[in-house]
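Enquirer: Take this structure first; my questions come after.
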Amino acid sequence: MIKKIELQNFRNFKKIIFEFSPKITVIVGPNASGKTNVLESLYLLSTGKSFKAKVEEEMIGYDEDICRVDGEASGAESEITNLGAVVTRGKIDIGAERPERVPRKKLLVNGVPRRMVDFAGNFRTVLFGPWDLDLVTESPSVRRRFLDTVLSQADREYRRSTLSYEKGLRQRNRVLWDMREGNIGPDRLLFWNQLIIKNGNYITEKREEFIDFVNSLEFEINGLKLNVSYDKSVISESRLEQYKEEEVSAATTLVGPHRDDFVFNKGERSLSSYGSRGEQRMGVLWLKIAELSFIEEKTSARPTLLLDDIFSELDEEHKKVVMDIAMKQQTIITSVDDEFAKELRKVERIELMG
Ligand SMILES: Nc1ncnc2c1ncn2[C@@H]1O[C@H](COP(=O)(O)OP(=O)(O)OP(=O)(O)O)[C@@H](O)[C@H]1O
Ligand SMILES: [Mg+2]
C-alpha cells in the first residue's frame, strides 16, 4: 500500500505531495492536468519503469536535468519502506566546462541504491487503463509484456530469469550471426543454449501456472464465459537442434518464450477475431481480476489497483463490476469528473488544476 508520494520535476509537476487513502482515492482534474502522470509516478515506484515513456527521460520536466519520485509504502505488518526513483538525462550541468556524467536512473530502497530486481516488489500494483484493450487485439509482444508484469511482481526468481534470458538471447543471436558470417563454429553456442534453456523453462513453467490460474477463476457476466489458451514456444535441446540451420541463416533464435503468446476464447472461437468490442473489454477485465488475485495468492497481500480513466468507456453493468473490485484493496482512480464516486464511502479526493 502507498501512503504518500512526493514528486520533483516529474512531468508537469515541479514539486508536490500526494497522500492516499488505504481505500479509494479519486484523482479528478481536466484533460492534461497530470492525472495519468501521477499514476505513472506510482507505477515507477512499483516497477522501476514507466508504462508510457519510450525513453525514460521523457519523465523529466521540460528544461530540467533530473526528476525524482519518493514514496512511503507500507507492507502487511505496516512497517514503512521508503522508495525512491531518480531519473536523469545522463549528465548534469555543474557549472564547470564539461557537464558531469551521472547514471540515467537510480532506484532506492530506504535510501540504499538497489538493482531493478530488488527494487520491484516492494510496492505492488495492478494498472488498468483504456489501452489494455490492446491485450486482446494487438500483437503477441503486448501479451508477453503483460505476463512479465504480473509474474515479475509475484516472483523475484521470475524477474531474475527474464533478465538472464534476455541477456542470453542477445548473446546467442550474436553468435548465430558470427556463425553465418563463417567466423566461428557451433561449439560457441553451447554455453548460451544451456543458459536460455534453463531460464526459458522457468519462464514457461510460471507463465503456464498463471494461465491455469486465470482459467480456474469462475468469471461470468451476462452469460459470457471465456477461457485463455497458452500458445507456448517450448525451448529444449532437441528443439534447438531441430531449428539449428534455420537459426543460423536467420541469425536469430527461433524458439523459446520470447515467441510465446496466449489467446482469449469464447468457446472455440478467438475473441480477437470474433468477439464484440464489449466482449473484448470483458476479456481484459477478467484478466485484470486474475492479475489482482494471482498476486494476492503469491504474496498474501492484494496489490494497489491503479485505474486510469476507464469509466468513460464502460457501460453501467461493467462499471458496477469495476466498482465492486475497487472496494477490495487500495485503489487509485483518475477521472475527469467524479460523478461515479458519489455513492461510495471512504473516498479521498485529490483535485488537480488544469
Ligand atoms: N516531461 C514533461 N514536462 C512537463 N510537462 C509534461 C511532460 N510530459 C508531459 N507533460 C505535460 O503533462 C500533460 C499531460 O498530463 P497527463 O497525461 O497526466 O494528463 P491527464 O490529466 O491524464 O489528461 P487526460 O484527461 O487527457 O488523460 C500534458 O499537458 C503535457 O504537456
Ligand atoms: Mg490521462
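Coordinate-derived values only; no laboratory data. Since the model is a prediction, treat every value here as computed from it, not as a measurement. Using ideal geometry, Cβ is built from the backbone for each residue, glycine included, and neighbour counts are taken over all protein chains shown.
Enquirer: Going by average Cβ density within 10 Å per residue, which order do the peptides 67-75, 313-321 take, highest to lowest?
Expert: Details: 67-75: 19.6, 313-321: 13.0.
Highest mean packing first, the order is 67-75, 313-321.
Enquirer: Then there's this: How compact and how long is the chain, expressed as Rg and Dmax of its alpha-carbon atoms in Å?
Expert: According to the Cα coordinates of the chain, Rg and Dmax are 22.2, 70 Å.
Enquirer: Non-local amide H neighbours of I16 (under 5 Å, H modeled in plane, Pro and chain starts lacking H): which ones?
Expert: Here the answer is L7, since their amide H atoms fall under 5 Å of that of I16.
Enquirer: Could I ask something else about it? Using a cut-off of 15 Å between beta-carbons, work out the net charge of the residues near V109 (Lys and Arg +1, Asp and Glu -1, V109 not included). The partial results should precede the final answer.
Expert: On the way: positive: R68, K105, K106, R114, R115, R124, R156, R159; negative: D70, E72, E79, D118.
Every neighbour counted, the sum reads +4.
Enquirer: Set the bar at 24 Å for Cα to Cα. Now go through K232/K319; K3/K206; K4/K35; K14/K342 and name every pair that lies beyond it. Don't skip to the end; give the middle numbers.
Expert: Numbers: K232/K319 33 Å; K3/K206 31 Å; K4/K35 16 Å; K14/K342 31 Å.
Among K232/K319; K3/K206; K4/K35; K14/K342, the Cα-Cα distance tops 24 Å for K232/K319; K3/K206; K14/K342.
Enquirer: Next question. Modelled label-to-label distance, V234 and T137, 7 Å Cα→beta-carbon offset: nm?
Expert: Those two pseudo-labels are separated by 3.5 nm.
Enquirer: Note the full-extension length gain between E100 and K342 as 0.36 nm times their separation in residues minus their Cα-Cα distance, in nm to one decimal. The partial results should precede the final answer.
Expert: On the way: separation 242, 0.36 × 242 = 87.12 nm, distance 5.14 nm.
Between E100 and K342, full extension yields an extra 82.0 nm.
Enquirer: If you take the C-alpha gyration tensor of segment 132-300, multiply each eigenvalue by 5 and take the square root, what semi-axes do you get, largest first, in whole Å?
Expert: The equivalent ellipsoid of segment 132-300 has semi-axes of 35, 18, 12 Å.
Enquirer: With equal scatterers on the alpha carbons only and no solvent term, can you work out the Debye log10 of I(q)/I(0) for segment 1-99 at 0.11, 0.16, 0.17 1/Å?
Expert: The Cα Debye sum returns log10 ratios of -0.36, -0.71, -0.78.
Enquirer: What are the ³J(HN,Hα) values, in whole Hz, obtained from phi via the Karplus relation 6.51 cos²θ - 1.76 cosθ + 1.60 with θ = phi - 60°, for each residue of segment 101-113 in sequence order, with x given for Gly and Pro?
Expert: Result, ordered by residue: 7, 9, x, 6, 8, 9, 10, 10, 10, 6, x, 9, x Hz.
Enquirer: Please compute, for the alpha-carbon atoms of segment 246-286, the extent along each of the three principal axes and give them in descending order in Å.
Expert: Sorted from largest, the Cα extents of segment 246-286 read 44, 18, 16 Å.
Enquirer: Using +1 on the beta carbon of Lys and Arg, -1 on that of Asp and Glu, and nothing else charged, what's the dipole of the chain about the Cα centre, debye to 20?
Expert: On the way: 55 positive and 59 negative charges, 166 e Å.
Roughly 800 debye, rounded to the nearest 20.
Enquirer: So for segment 231-354, averaging the separation of alpha carbon pairs under 8 Å that are six or more residues apart and normalising by length, what relative contact order in percent results? Each step should come with its number before you reach the end.
Expert: On the way: 79 pairs, mean separation 20.2, N = 124.
16 percent.
Enquirer: Further question on the same structure: Taking amide H positions as placed 1.01 Å from N in the peptide plane, with prolines and chain starts having none, which residues 5 or more places from D231, or on another chain, fall under 5 Å of its amide H?
Expert: Under 5 Å from the amide H of D231: D261, F262, V263.
Enquirer: Quick one: if you stick a label point 7 Å off each Cα along the C-beta vector at E317 and R115, how many nm between them?
Expert: 4.9
Enquirer: Under Stokes-Einstein, with the Kirkwood radius over Cα pairs standing in for Rh, what whole-number D in µm²/s applies to segment 221-293 at 20 °C and 1.002 mPa s? Before the final figure, lay out each step's value.
Expert: On the way: Rh = 14.6 Å.
For the chosen part, D equals 147 µm²/s.
Enquirer: Once you place label points 7 Å from the Cα toward the Cβ at R170 and K198, how far apart are they in nm?
Expert: The two pseudo-label positions are separated by 2.0 nm.
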